[in-house]
Amino acid sequence: MDVAKSISEGLARKVLAASINGEVWDASRPINDNVSLKLLTWDDTDGKSTFWHSSAHLMAEAVQSTFPGAKFWVGPAIDKGFYYDIDLGDTKISDDDLASLEKKMNELSKQNNAYTRKAIPKAEAIQYFTEKGDEYKLDLLGNLTDGEITFYTQGSFTDLCRGPHIPHTGLIKAIKLTSIAGAYWKGDEKNKQLTRIYGVTFPNQKELDEYLLMLEEAKKRDHRKLGKELSIFTMDDDVGQGLPLWMPNGTIIIEELEKLAKETENAAGYKRVVTPHIAKESMYLTSGHLPYYADSMFPPMELDGTKYYLKAMNCPHHHKIFDAEQKSYKDLPYRIAEYGTCYRYEQSGELFGLMRVRCLHMNDAHIYCSKEQFADEFRAVNDMYIKYFKIFGIDKYVMRLSLHEPSKLGQKYVNEPELWKETEAMVRSVLIESNIPYIEVQDEAAFYGPKIDVQIWSAIGREFTLATNQVDFNSGNKFKLSYTNQHNTAEVPLIIHRAPLGTHERFIGFLLEHYAGKFPAWLAPLQVKILPISDKFMDYANTILQTLKKSDIRAEIDDRQEKIGKKIRDTEMARVPYMLVVGEKEMNEGLVSIRRQGKGDSGAKPVNEFIADISAEIKDRREE
Ligand SMILES: [Zn+2]
Ligand SMILES: [Zn+2]
């Protein structure tokens, strides 16, 4: 805090904690050695989690004053906010209690109480919680050794905690307790059920308001809800958990995405391949997926004494295609692509709509190239991402570059010190040149090379992991892949794994939320609905339908005996981009009255003119 103050008072007001040699500390803790220091604010992940964990203590203080005798288990920060597991005895709490707890927290935060840290001898700590009759903290103490026990106090609340915490409660300016749940002590259903209270806090009201608005919008845009309403996909118990069935509407979206991918990849010099869904155990032993990845694969099936596995990734099959014919430097870069179907064994508790599934269709490709070609190939892959982001209106994205840790070469990372340095430098310089927002993380690379995770944000500001790109200088060796170079000697190619559109499952789940189900015309399962005002105009409606179909436009007639107002409302609800209303005037003058989804009446036009407009919109994959 003194360092922050020496820089500016404004900065000091924003400091939540400090990173000391990579470890997060209270900003008030004295520094006695020469260290590497980073001041953490709300903009840092560690700053946020310190803020939220401190908010859990503040909530505990409010609970303690409202329900004397409450006992506290653990209160961690989570992805977005915090919770605390509490034994409230026989008291059952409701949403009304949450409102009064919020009020109490606001009072307490205004007291600007400091979070103070105190090292306590184990015996003293045991005595404190024995007197309090708190079997939960005594249980936690059992696992701690003397000399590493700390208490944190703010106001009238003291907790056993290793910290760190923010300077004082006054920083917590906006508070929302979001829900109540039951949670078994230590997650074991044989134990007592505790009350878990979830909450989220912010340093200002504006951010809280925005967050609550986003949550509300996310609920409306929930891909499971929209997927059902718009007949995109379904799940069936007889098929199995995590195995989505794509309905006709969803299949149109899939085919449009594949068409886009094929056009883009053809233009970028990829060739397409098709590979089986299963392979022998021996191939996965070569690739190293077995035994290391066995937990994530479906169990094997045995045929004529040989074990076969459902493929969890396409790479090994593609390596075999590379290897099927002798290659020379003239054949490189060799790029092969496939919308490959993969199967992964996800725990049933982990399954979630289209986001976590057991069967996935991946926008996969592998590029085999020389070291000299690598930078250009990697740049081209990035360009492809940017092109896709433009098409889908993804304005916010970041690439997370995971690097190796030199001291772990030969253990956690394949022992190729020079290759690591070279490829990491090349990847970094391409990211900088292309002006792509990126962050670097140490010691999180894949075993066989640097890794780039692509994070994208939906229109309502929710973050998704879209895809992972990997540089691989190990599989070439494992599969004994080679090509002859200009000097007629054998060399092992570098491999780039890439999947810019991720999987159909996750990407369509993302798009449902991103567009709120209102797909642009090129992706919309139904592009045009013709709404005759009455039966009298059915023949005219049919002529229009045939004309649209000849132009490859996905169209239908609403031939129900309903009032036009209802037909319009229903078509709006089905998120069909265009409605063509036809009645007396339209029929007599050879026109259609156009309504754009969400925008209402946009005038009448001759049919051919409408077709020219919508065809251009579809061809350019425009978002109108
Ligand atoms: Zn704490
Ligand atoms: Zn791969």
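The values are calculated or read from the model by the stated rules, or taken from the named source; none is laboratory data. Values in this document were obtained by computation on a predicted structure and should not be read as measured data. Note that each Cβ is placed from the backbone with ideal geometry, even for glycine, and that neighbours are counted across all protein chains shown. When the accessible area is computed, the model is the full protein with side chains, heavy atoms only, and any ligands, DNA or RNA have been set aside. Shrake-Rupley method; radii C 1.70, N 1.55, O 1.52, S 1.80 Å.
Numbers at a glance
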{"item": "Selection count where residues are polar (S, T, N, Q) and over 28 Å from the mean Cα position of the chain (by Cα), scope the range 157-187", "result": "2"}
{"item": "Count of the range 551-570 residues which are within 40 Å of the chain's Cα centre (by Cα) and either over 17 Å from ILE594 (Cα atoms) or part of a loop (DSSP other than H, G, I, E, B) (or both)", "result": "5"}
{"item": "Qualifying residue in the range 85-95 (condition: under 30 Å from MET1 (Cβ atoms) and modelled with pLDDT of 95 or more)", "result": "no"}
{"item": "Strands (runs of 3 or more DSSP E) within the range 294-389 that include 3 or more residues under 23 Å from ASN266 (Cβ atoms)", "result": "334-343, 359-369"}
{"item": "Single residue of the range 25-41 satisfying the filter (closer than 21 Å to CYS161 by Cβ and at pLDDT 95 or above) that is most open to solvent (accessible area, probe 1.4 Å)", "result": "TRP25"}
{"item": "Complete set of residues in the range 200-230 that are open to solvent by less than 40 Å² (accessible area, probe 1.4 Å) and not in a loop (DSSP other than H, G, I, E, B)", "result": "VAL200, THR201, PHE202, LEU208, TYR211, MET214, ALA218, HIS223, LEU226, GLY227"}
{"item": "Some residue of the range 292-300 being surrounded by 18 or more Cβ atoms within 10 Å (Cβ to Cβ), more than 20 Å from PHE510 (Cβ to Cβ) and among the aromatic types (Phe, Trp, Tyr)", "result": "no"}
{"item": "Members of the range 491-522 found to be in contact with a Lys or Arg (Cβ under 8 Å, 6 or more places away or on another chain) and of a type in the set (A, V, I, L, M, F, W, C), listed by number", "result": "LEU494, LEU512, ALA516, PHE519, ALA521, TRP522"}
{"item": "Meets criteria (within 16 Å of ligand 2 (Cβ to nearest atom) and outside any helix (DSSP H, G or I)) for THR275", "result": "yes"}
{"item": "Test: residue in the range 33-46 that is of a type outside the set (Val, Ile, Thr) and in contact with a Pro (Cβ under 6 Å, 6 or more places away or on another chain)", "result": "yes"}
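Each row is one residue, and each column tells you yes or no for (1) touching a residue at least 60 places away in the same chain (Cβ under 8 Å); (2) touching a Pro at 6+ places or on another chain (Cβ under 8 Å); (3) surrounded by fewer than 13 Cβ atoms within 10 Å (Cβ to Cβ); (4) farther than 15 Å from ALA60 by Cα.
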{"position": "ASP90", "(1), (2), (3), (4)": "no, no, yes, yes"}
{"position": "ASP96", "(1), (2), (3), (4)": "no, no, yes, yes"}
{"position": "LEU101", "(1), (2), (3), (4)": "yes, no, no, no"}
{"position": "ASN113", "(1), (2), (3), (4)": "no, no, no, no"}
{"position": "ALA119", "(1), (2), (3), (4)": "no, no, yes, yes"}
{"position": "GLN127", "(1), (2), (3), (4)": "no, no, yes, yes"}
{"position": "LYS137", "(1), (2), (3), (4)": "yes, no, no, no"}
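Matching residues to (1) within 16 Å of ligand 2 (Cβ to nearest atom); (2) modelled with pLDDT of 95 or more; (3) in a strand (DSSP E or B); (4) over 22 Å from VAL15 (Cα atoms):
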{"position": "TYR128", "(1), (2), (3), (4)": "no, no, no, yes"}
{"position": "GLU131", "(1), (2), (3), (4)": "no, no, no, yes"}
{"position": "ASP139", "(1), (2), (3), (4)": "no, no, no, yes"}
{"position": "THR145", "(1), (2), (3), (4)": "no, no, no, yes"}
{"position": "TYR152", "(1), (2), (3), (4)": "no, yes, yes, no"}
{"position": "GLY163", "(1), (2), (3), (4)": "no, no, no, no"}
{"position": "ILE175", "(1), (2), (3), (4)": "no, yes, yes, no"}
{"position": "ALA181", "(1), (2), (3), (4)": "no, no, yes, yes"}
{"position": "TYR198", "(1), (2), (3), (4)": "no, yes, yes, yes"}
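Listed here are the residues, each with its yes/no results for (1) closer than 20 Å to PRO520 by Cβ; (2) open to solvent by 70 Å² or more (accessible area, probe 1.4 Å).
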residue	(1), (2)
THR547	no, no
ARG569	no, yes
LEU580	yes, no
GLY590	no, no
GLY600	yes, no
VAL607	no, no
GLU624	yes, yes
